[in-house]
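**Q** Just passing along the structure, written as structure tokens.
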Amino acid sequence: MIKNKSNKLIPNKTILWIVLAAIILAAVNTIAMGFEIYFVVLIPFILLLLFYYFFSYEKLFLALAVIIPFSISLELVDYNLALSIPSEPILFLLLILTIYRFISTSSPIGYSNHSITITIAIYFIWLIISSFFSQMPLVSWKFVLARAWLVFPAFFLGVPMFFKDIKYQKYFLNLFLVSLVIIAVISTIKHATYGFDFKLSYLACQPFYRDHTIYGAALSLMIPYAFFQTFNSKNIFNNRILYFICFLILILALILSSSRAAWVSTAVALGVGIIIFLGIKFRYILLALVIVATTIMMNYQSIKYQMERNTNVSRKNASSHVRSITNISTDLSNTERINRWVSAIRISKDYPIVGSGPGTYQFIYAPYQLPQYQTYISTNVGNKGNAHSEFLGPLSETGIPGMLTVVAIVFSLLITGFRLFFKLKHLDKNRAMIVLSVTIALLAYFLHGFLNNYLENDKIAFPVWSYAAILTANYYWLHWYKKEAELDESQINE
């Protein structure tokens, strides 16, 4: 017998089985290579995956924090299907596990009385209802299935895991952070080989992120965590330095991504986070927002006139790219977005209650375009993407009730997150900083969501719904802690 790291004896029989398995796999691998059958090398990884799937889903869940950023999209043209490999097959397996846990446990949904869980459940119920009335039923049911494997494992497996121990929250966030930092470094080096040519920035993040805007959205989901952990007094000094270095790398990557929506949303969200972290009273924040809103309303015509006169276009150069944010007349990216938004609103007028059907926008929006909003990249075939909005997309596909469920989810996430931070900051600083980080990250994403929608992509959906699970888990931890504290106090009084 030998001893492992925990000083426990490992039986000789176990060692023998391990050695035999290694020899058999090596022999099979050698024979397969002789016949040029290369996929056999994946067998050990598949066996390991299955082991964790059945006996320790937590490790598989955490592994996804590394797997998903490095996954590569594979298009199956014959089946009109695109899959992120290897992440989405794993997510589908975890969906089956989630359903099994729902059926086999006495309390299947678990934390079903919290507003986040309730709004997500209502959202899915309405997706199913609208699919029954879909203009393209097959498309809608495929959409519902795909959305299920993106949401259910991340949230319903994430909540009990993150509730069990705060270490799982730290592991998950740190693994995602390190993975994204590695990709950011690779992308920056690759961009450097192009001479940091601004027009080629969309190539730098490939093959891990197919588009520079998705890349920017992913960075915005992790930047708040790196930033606030830098100022977390519970972290040792060396770790705070490492977090700060990660923050700088991600910020540089965000700048080089040339994603204007990610720039603005991250800056605004971090500003809100800093205000909350510093403890500035809410009434002052509200007063500032009222002043800003009033100023905009009073100068609306002037602002609109200046925006229409703006002739700066995106991707020309860095300076023009920044100034093009407010160009609603000639910037191709902005004007095509307006075209998509107008189309989504017009679809919703024809299908106000149940929408045209989940996932159908890209197939039916072409006839809803108005000539005055079309650009030279607009299509009459209807094969060029989505509504570019996390809110108007659901409006067109699932009607007004569907959009309201999305709004309800967003409000539930943000209200829960901010309330939790103020309750936890004097009780558990580590939990408070995690809660603030993920809440600000969600704020950044859903601000971004006014201009883009990426929740159908696993690289964005998995962290977003995992963050929702982290907030829900901390909410229930706080209630559990209060009950335990009350019990201890009553025992002392007795």
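Coordinate-derived values only; no laboratory data. All of these numbers come straight from a predicted model, not from anything done at the bench. With ideal geometry, Cβ positions are generated from the backbone for all residues, glycine too; neighbour counts draw on all protein chains shown.
**Q** Rank the residues Val181, Val342 as a footprinting-exposure proxy: fewest other Cβ atoms within 10 Å of their Cβ go first.
**A** Working: Val181 21, Val342 18.
Result, fewest neighbours first: Val342, Val181.
**Q** Another question, if that's okay. Which whole-Hz ³J(HN,Hα) couplings does segment 56-69 yield from phi under the Karplus relation 6.51 cos²θ - 1.76 cosθ + 1.60, θ = phi - 60°, glycine and proline marked x?
**A** Karplus-based 3J(HN,Hα) across segment 56-69 equals 7, 5, 4, 5, 5, 4, 5, 4, 5, 5, 9, 5, 4, x Hz.
**Q** While we're here: Work out from phi, with θ = phi - 60° and the Karplus expression 6.51 cos²θ - 1.76 cosθ + 1.60, the ³J(HN,Hα) of each residue of segment 253-259, listed in order in whole Hz, and give x for Gly and Pro.
**A** 3J(HN,Hα) across segment 253-259, in whole Hz: 4, 5, 4, 6, 5, 6, 8.
**Q** Let me ask you something else. Between their Cα atoms, which of Lys170/Lys482; Lys59/Lys425; Lys281/Lys483; Lys234/Lys483 are more than 27 Å away from each other?
**A** Those over the limit are Lys59/Lys425; Lys281/Lys483.
**Q** When a footprinting reagent is the concern and you count Cβ atoms within 10 Å, what order do Glu456, Glu397 take, fewest first?
**A** Numbers: Glu456 15, Glu397 33.
Exposure proxy ranking, most exposed first: Glu456, Glu397.
**Q** Can you give me the long-range amide H partners of Ala82? Hydrogens built in the peptide plane at 1.01 Å from N, cutoff under 5 Å, separation of 5 or more residues or another chain.
**A** The answer is Leu76.
**Q** Scan around Ile72 for amide H atoms under 5 Å from its own, H built in the peptide plane at 1.01 Å from N, and keep only partners 5 or more places away or cross-chain.
**A** So Ile72 has HN proximity to Ile85, Ser87.
**Q** OK, next. Measure off 7 Å from each Cα along the Cα-to-Cβ vector at Ile96 and Val66, then give the distance between these two points in nanometres to one decimal.
**A** Here the answer is 2.4 nm between the modelled labels.
**Q** Further question: Could you put Phe162, Phe92 in order, starting from the residue whose Cβ has the fewest other Cβ atoms within 10 Å? Let's see the in-between values first.
**A** Numbers: Phe162 26, Phe92 16.
Fewest-to-most ranking of Phe162, Phe92: Phe92, Phe162.
**Q** Express in whole angstrom the spacing between the alpha-carbon centres of segment 120-140 and segment 388-444.
**A** Between the Cα centres of segment 120-140 and segment 388-444 lies a distance of 23 Å.
**Q** Let me ask something else. For segment 232-249, in order, what is each residue's ³J(HN,Hα) by Karplus, 6.51 cos²θ - 1.76 cosθ + 1.60 with θ = phi - 60°, in whole Hz (x at glycine and Pro)?
**A** Working through the residues one at a time gives 7, 5, 6, 7, 5, 4, 4, 5, 5, 5, 5, 4, 5, 5, 4, 4, 5, 4 Hz.
**Q** Residues in segment 220-251, backbone N under 20 Å from the label point at Ala288 (7 Å along the Cα-to-beta-carbon vector): list them, ranges by number please.
**A** 224-225, 227-229, 231
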